[in-house]
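*Asks:* I'd like to ask you about the structure that follows.
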Amino acid sequence: MKRFLSLVLISSLLFIPSTYAAPSKIAVKALKLITTINASEDISGFAVSGKTIILFGTAVDRAFARAVDINGVELWRVPLDPDSPSIASVGAVDGAGNIWIAGATSLLRPTPAPSASLTPINPDNVVNSPDVFNAELSAVALWKIPVATSVPTLFSAQQSTPVLVTGISVDKSGASIVGLTQTPQGSAGFVISTNDLGEFGKPLLIGAKSTTLDAVVRHSDSTLTVT
């Protein structure tokens with residue numbers, strides 16, 4: 001019985017219908033190295049505008065973006081928020097070719113140090129305590145780099161707790177951003193939208209303990225789909 005079953009199994013393997021024949025080979029081009037990344041750069045992602053590839057991420061504690069052509073030649077590199085700790089997390093290109101990059105930043109700026117040539121009058125010998133520089137990333141940041149330029153404009157929306165941006169969707173009317181924010185119980189997902197002028201609406205929080213949102217899609221009827 002065992003031999004008979006073995007023969008049947010082997011025979012069935014030998015007679016393979018033509019519909020299950022091996023597929024024809026597909027020509028695959030060899031991979032081509034376009035550019036390399038510095039060890040100090042943490043790349044979050046990339047977007048494509050025409051024949052330009054835009055890489056974005058964080059170097060040390062500052063968000064940045066750089067553009068290369070299809071041959072890997074660097075076209076430009078810009079700091080997105082040189083005055084404050086920030087991270088660039090996600091990006092997209094709208095139909096007009098404008099680049100939108102979203103992340104988080106701190107809107108608190110350090111107080112500039114007084115010029116060494118100035119000696120303020122201080123008869124009471126009061127020690128001036130500098131403002132505490134809070135690097136907490138609690139503001140949603142949206143940078144727009146208009147097509148054919150390398151000059152970013154920052155739009156921001158301060159939140160009450162730290163935020164982490166995870167998704168963005170853009171169209172001709174503006175952008176919608178999703179992510180998670182800290183809560184006393186854990187984390188909540190949030191979605192916030194802005195028009196093309198960078199004017200943010202109120203964020204919508206979803207969940208309270210362990211909710212995250214990873215992606216968003218803007219529809220033509222002004223509705224959103226989030227996951």
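Readers should treat all values here as calculations from the given coordinates under stated rules, not as data from a laboratory. In this text, all values refer to a predicted model and were calculated from it rather than measured experimentally. Glycine gets a Cβ as well: all are built from the backbone with ideal geometry, and neighbour counts include every protein chain shown.
*Asks:* What order, most packed first, do the peptides 99-108, 49-58, 212-221 have when packing is the mean number of other Cβ atoms within 10 Å of each residue?
*Replies:* Going from most to least packed, we get 99-108, 49-58, 212-221.
*Asks:* How high is the FRET efficiency between SER220 and ASN195 when r is their beta carbon distance and R₀ equals 22 Å, given to the nearest 0.05?
*Replies:* Given R0 = 22 Å and the Cβ-Cβ separation, E is 0.90.
*Asks:* Once label points are set 7 Å from the Cα along Cα→Cβ at both ILE37 and GLU136, what is their separation, rounded to one decimal in nm?
*Replies:* Roughly 3.0 nm, to one decimal.
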